[in-house]
Amino acid sequence: MAPYTIRKYQDQDREAVIDIFSKGLLTHVPSAFFHLLKQPRSILLLLSVPGALFLGSGSLLLFLLALPGLLVFLWMAARYPFKCYLSHALHTDFRDIRKSYLSDKGSCFWVAESEGQVVGMMCACPAQQGSREQKCLELLNLSVSPEYQGQGIAQSLIQTLFQFAQEQEYDAVVLNTICFNYPAQRVYEKMGFWKSHEAFDSLMWRLVAMPSFCYEYSVPSSL
Ligand SMILES: CC(C)(COP(=O)(O)OP(=O)(O)OC[C@H]1O[C@@H](n2cnc3c(N)ncnc32)[C@H](O)[C@@H]1OP(=O)(O)O)[C@@H](O)C(=O)NCCC(=O)NCCS
């Protein structure tokens, strides 16, 4: 296991960070596809459309082609929200990472470096919590390169964030993770987060039946 250090983002990290972020996000597409496949509306679609086409046209070929066609459609539907999230991030906060996360003292962006290479990342900014009385920090975009996973890098990044949250006098850290991201949920729970509620980030996520689990951590006055 190669040693690693956690440090703040520097401009020369940009390419590696975007690569880790994009790959980390798109690793969820197969799980998203199987999640979507298990939804009653997908099962109904897969059962009814080929049958209806066969009964309507009498064509066995159409019947046989309908199933793979529907599976491709569901794969695209499962991938779409992740592609949109990625494209949105690359055109907004990731366009100028320094300006988005390092120009205000309430936000930050960290990377994990091992043998001169960026192998993990995570950022944080003040949470948009509307009516909440508490001052909350939102953990965003935690990702570790596949070859470096399982070495405690995510835990170290989160520990760094806890330290930051305490220094900046935040009351709590909040985050969202997609409902089927069990490895991430295990990391958060191990680090002391608790699941507060479930929510759909937008209509797009509701349409594909993928709620987010919202987690919270109360920042102690001393770590
Ligand atoms: C989730 C992720 C960040 C974890 O990073 P990591 O550096 O491998 O995590 P750690 O090594 O610090 O693991 C911490 C704990 O999480 C659990 N865990 C981590 N990866 C796991 C996996 N693939 N399966 C099961 N449990 C896992 C383990 O309980 C581990 O504790 P242990 O060391 O006592 O076994 C990483 O898998 C990743 O980048 N995934 C893709 C992007 C992503 O999903 N990001 C989260 C967005 S909300």
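For the chain, with only Lys/Arg (+1) and Asp/Glu (-1) charged at the beta-carbon, what is the dipole magnitude about the Cα centre, in debye rounded to 20? Please report the intermediate quantities before stating the final value.
Numbers: 18 positive and 19 negative charges, 131 e Å.
The calculated dipole for the chain is roughly 620 debye.
Would you mind working out the magnitude of the charge dipole of segment 170-223 relative to its Cα centre, with +1 at each Lys and Arg C-beta and -1 at each Asp and Glu C-beta, to the nearest 20 Debye? Before the final figure, lay out each step's value.
Details: 4 positive and 5 negative charges, 35 e Å.
The dipole magnitude comes to about 160 debye.
Apply 1/(1 + (r/R0)^6) to the Cβ-Cβ distance of Gln128 and Leu46, taking R0 = 41 Å, and write down the FRET efficiency to the nearest 0.05. Please report the intermediate quantities before stating the final value.
On the way: r = 38 Å, r/R0 = 0.94.
FRET efficiency, Gln128 to Leu46: 0.60.
Compute the normalised compactness of segment 106-223: alpha-carbon radius of gyration over 2.2 N^0.38 Å, N being the residue count.
On the way: Rg = 14.5 Å, N = 118, 2.2 N^0.38 = 13.5 Å.
My calculation over the Cα atoms of segment 106-223 gives 1.08.
Computed over the Cα atoms, what is the radius of gyration of the chain divided by 2.2 N^0.38 Å, N being its residue count? Mind dumping the intermediate values first?
Numbers: Rg = 20.6 Å, N = 223, 2.2 N^0.38 = 17.2 Å.
This ratio for the chain stands at 1.20.
Please list, in chain and number order, the residues 5+ apart from Val119 or on another chain whose amide H is under 5 Å from its amide H, with Hs placed from the backbone.
Residues meeting the amide H criterion: Ala112, Glu113, Ser114.
Given only helices, namely DSSP H runs of n ≥ 4 each adding -39500 (n - 2.57), what is the per-residue ellipticity at 222 nm of the chain, to the nearest 500 deg cm²/dmol? Before the final figure, lay out each step's value.
Details: 8 runs with 106 residues, N = 223.
Computed mean residue ellipticity for the chain: -15000 deg cm²/dmol.
What is the ratio of the Cα radius of gyration of segment 1-42 to 2.2 N^0.38 Å, where N is its residue count, to two decimals? Please report the intermediate quantities before stating the final value.
Numbers: Rg = 16.7 Å, N = 42, 2.2 N^0.38 = 9.1 Å.
Its radius of gyration relative to the 2.2 N^0.38 Å reference: 1.83.
Kirkwood hydrodynamic radius for segment 29-90: how many Å is it when counted over pairs of different Cα atoms? Intermediate results must be reported in sequence, preceding the final value.
Details: mean 1/r = 0.0785 Å⁻¹.
Taking every pair of different Cα atoms in segment 29-90, averaging 1/r and inverting gives 12.7 Å.
What translational D, rounded to a whole number of µm²/s, comes out for segment 1-131 from Stokes-Einstein when the hydrodynamic radius is the Kirkwood one over Cα pairs, at 4 °C and 1.567 mPa s? Don't jump to the answer; show the numbers that get you there.
On the way: Rh = 18.2 Å.
Diffusion coefficient, whole number: 71 µm²/s.
Enter the angle in degrees (range 0 to 90, nearest 10) between the Cα long axis of helix 14-26 and the first principal axis of the Cα atoms of the chain, meaning the one along which they spread out most.
Between helix and principal axis, roughly 40 degrees.
For a Förster distance of 25 Å, can you work out the FRET efficiency between the beta-carbons of Leu55 and Ala209, rounded to the nearest 0.05? Walk me through the intermediate numbers first.
On the way: r = 28 Å, r/R0 = 1.11.
The value I calculate is 0.35.
Have a look at segment 147-200 and give its Rg and Dmax from the Cα atoms, expressed in angstrom.
In order Rg, Dmax, the Cα atoms of segment 147-200 give 12.2, 35 Å.
What distance in nm separates the simple spin-label points at Phe200 and Gln168, each placed 7 Å from Cα in the Cβ direction?
Each label point lies 7 Å from its Cα, and together they span 3.1 nm.
Determine, for each peptide in 38-45, 93-100, 111-118, the mean count of other beta carbons within 10 angstrom over its residues, then list the peptides with the highest first. Numbers along the way, then the final one.
Details: 38-45: 12.4, 93-100: 15.0, 111-118: 16.8.
The densest-packed peptide leads the list: 111-118, 93-100, 38-45.
FYI, it's all coordinate maths here, none of it is from the lab. On a predicted model such as this, the values are computed, not experimentally measured, just so you know. We place every Cβ from the backbone using ideal geometry, glycine too, and count neighbours over all the protein chains shown.
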